[in-house]
Amino acid sequence: MKYLAVDIGSTYTKVTAIDGDLRKVVGTARAFTTIADDVTQGLDCALAALGDFVWDDMLVCSSAAGGLKMVALGLVPDLTAKAARTAASNAGAKVMQTFAYEISKREEQIIYDLNPDLVLLCGGTDGGNKEVITANARRLCSIERPFTTIIAGNKSASDDIVEIFEAAGKPYVLTENVMPEFNQLNIEPARDAIRQLFISRIVEAKGLSKVQALTSHQIIPTPLAVLQACELLSRGTELQEGLGDLMAVDVGGATTDVYSMASGEPTMESTLTKGLPEPWSKRTVEGDLGMRYSLPHVLEQMEHPSAELRSWVERCVAQPETLALADSEEKQMEELLGSMAVSVAVERHCGRMADVYTPLGLMHTLEGKDLMSVPLMIGIGGVLLGSNHPEEILKGSIYDLRHPEIAKPRRPRFVLDGQYIFAAMGMLSQTNPELAFELMKTTLKDVGTTSRSV
């Protein structure tokens, strides 16, 4: 069996040719994604660069034009709203903003201006508060935008909410509560609903219907494909042992995504956890951190950037297809910007530690995942693969004594997705997990173990 995996990204379209009989990747190629015209043009260019390859099965994922834009609404910030954000991020959505409590007129206007593809409406445990989610349903229906709403809150309010959406003629999907009981997460039904809506609505909106017609499989969001690859690599298969706890950072053109496959339990003694329990498999997406469309936001994170760096950023944003030459000053600036994107994205993904004084003495609190003991960090993305010093870019992902409250990995081993195939392997994992796992392991490129200098 021969497979063609296609990843239509926001900047580049990547194709991967896989020979299942030879059990190897026999070719990869990429071309600039033609979002403004027709994405099949960029795909045709990538296939031409790949050369002669006849496939039996075609697998496709996409994050073209920035992926799936979503807003999430919940009852309180530290509970339902966080659960909503987790479900949305893990499904491959780009969460633009979350809202808590009953939204105001000003917040209605914010949602209107954001013009999301989807809204995830949550609130209340089953049998709990119905008023807030019902009021938010009415307010959402008053917003004149064509988004679809996924209703994933208190089941006791579901009949009333469905009536509200039916009366308004607004599209909706009803699914299970993301938090049916206090501190109990149930994100899978909402995650599946988001994925299905991506397939049925967003694929058409991004002009990918021609590509969908070429494959018998449904197109899925690229971040979901990468998440599936990370889960497979960590857990392993029926025949092959997984690598255990790991993290991955994927630096793209529009976003930087961070993945962690770890329980995130406290590694320090006398530590209390705060907030909702964290999922073992977690993804966060930073829509303001990317190597082309989001570069101005990366620049904003830097102290006193040079005029040359500002000029390079302006050029890359104006011409996203711009590439830095090897061993050039521009390549050094790319690596500097990539390191900043990695540092900020991983910082946002990891948990926070704090000291608290109790009658029993000094103790600690942890909110989020403690990832200090994670032994493996995987780098994904063109800025890493094209760098002569990818370990310098990845240094931003490790624990920094200057910010001891952030639970980043202390001393992970750095490896790269050596052939840029994680999205492809995530798709392949759904039909041939043994082959996908084997290929990922063999293409990981070791770039060393390091610690940050302070």
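Worth pointing out:
- Taking packing as the residue-averaged number of other Cβ atoms within 10 angstrom, the listed peptides 291-297, 225-231, 237-243 run from highest to lowest as 225-231, 291-297, 237-243.
- Straight-line reach from Lys2: taking Cα to Cα under 20 Å and skipping same-chain neighbours fewer than 8 places apart, the aspartates and glutamates in range are Asp19, Asp21, Asp44, Asp52, Asp56, Asp57, Glu434, Glu438.
- Net charge dipole, the chain: roughly 240 debye, given to the nearest 20, about the Cα centre with Cβ charges of +1 for Lys and Arg and -1 for Asp and Glu.
- DSSP-assigned coil residues among GluC sites (Glu not before Pro) in segment 122-201, each with at most 15 further Cβ atoms within 10 Å: Glu144
- Between segment 395-418 and segment 292-318, the Cα center-to-center distance that results, in Å: 24 Å
- Residues in segment 224-449 average 42 Å² of solvent-accessible surface per residue, probe 1.4 Å, ligands and nucleic acids excluded.
- Helical runs (DSSP H, four residues minimum) scored at -39500 (n - 2.57) apiece and divided by the length of the chain put the mean residue ellipticity at 222 nm at -9500 deg cm²/dmol.
- Residues whose amide H falls under 5 Å from that of Lys94, counting only those 5 or more places apart or on a different chain, are Leu68, Lys69, Met70, with hydrogens built in the peptide plane.
- When semi-axes √(5λ) of the Cα gyration tensor in Å is calculated for this entry, the matching label among [x] 132, 34, 20; [y] 33, 29, 22; [z] 37, 24, 20 is [y].
- Protein heavy-atom surface of the chain, 1.4 angstrom probe: 48% of the accessible area is carbon and sulfur, with nucleic acids and ligands not counted.
- In Hz, Karplus ³J(HN,Hα) per residue of segment 18-27 (6.51, -1.76, 1.60; θ = phi - 60°; x = Gly, Pro): 10, 9, x, 6, 7, 6, 7, 7, 9, x
- 5 angstrom amide H check on Lys408, placed H, neighbours 5+ away: Asp400
- Among 71-84, 210-223, the order from most to least packed when residues are scored by Cβ within 10 Å on average: 71-84, 210-223
- Net +/- balance of residues flanking Gly381 in space, Cβ distance below 10 Å, scoring K and R +1, D and E -1: -3
- When you filter the GluC sites (Glu not before Pro) in segment 278-340 for DSSP loop state and at most 15 other Cβ atoms inside 10 Å of their Cβ, you are left with Glu303, Glu321.
- Qualifying trypsin sites (Lys or Arg not before Pro) for segment 365-437 [loop in DSSP, other Cβ within 10 Å: at most 12]: Arg402
- Dipole of the chain, positive direction: furthest Cα of Thr80, Ala326, Asn432, with charges on the beta-carbon: Thr80
- Axial C-alpha extent at least 24 Å, average Kyte-Doolittle at least -1.0 - helices from the chain (DSSP): 329-349
- Annotation: amide H-H contacts under 5 Å for Val173 (H modelled 1.01 Å from N, sequence separation of 5 or more, or interchain): Thr149, Ile150, Ile151.
- Segment 224-449: C-alpha gyration tensor shape, a/c 1.5 cut-off, then a/b vs b/c: oblate
- Prolate/oblate/rounded call for segment 69-199, Cα gyration tensor, a/c under 1.5 rounded: rounded
- Pairs of alpha carbons in segment 1-151 separated by more than 22 Å make up 54% of all such pairs.
- An oblate overall shape is assigned to segment 362-449, the ratio a/c of its alpha-carbon gyration tensor axes (a ≥ b ≥ c) being 1.5 or greater and a/b not exceeding b/c.
- Listed peptides 188-195, 116-123, 45-52 by packing density, highest first (mean Cβ within 10 Å): 116-123, 188-195, 45-52
- Cross-link check: pairs Lys24/Lys445; Lys94/Lys210; Lys130/Lys282; Lys94/Lys331 evaluated at a Cα-Cα cut-off of 22 Å; pairs beyond the cut-off: Lys94/Lys210; Lys130/Lys282; Lys94/Lys331.
- For segment 93-102, Karplus couplings with θ = phi - 60° (6.51, -1.76, 1.60), whole Hz, Gly/Pro x: 8, 9, 6, 7, 6, 10, 10, 10, 6, 6
- Descending semi-axes in whole angstrom, ellipsoid equivalent of segment 393-433, from the Cα gyration tensor: 31, 12, 8
- Net charge, Met353 excluded, C-beta distance under 12 Å - Lys, Arg +1, Asp, Glu -1: 0
- For segment 254-263, 3J(HN,Hα) per residue [Karplus equation, 6.51 cos²θ - 1.76 cosθ + 1.60, θ = phi - 60°, Hz, x = Gly/Pro]: 10, 9, 10, 9, 10, 10, 9, 10, 6, 5
The values are calculated or read from the model by the stated rules, or taken from the named source; none is laboratory data. Small disclaimer: the values here were computed from a predicted structure and weren't measured. Cβ coordinates were reconstructed from backbone atoms using ideal geometry, including for glycine residues, and neighbour counts include every protein chain displayed. Only protein heavy atoms, including side chains, enter the accessible area calculation; ligands, DNA and RNA are left aside. Shrake-Rupley method; radii C 1.70, N 1.55, O 1.52, S 1.80 Å.
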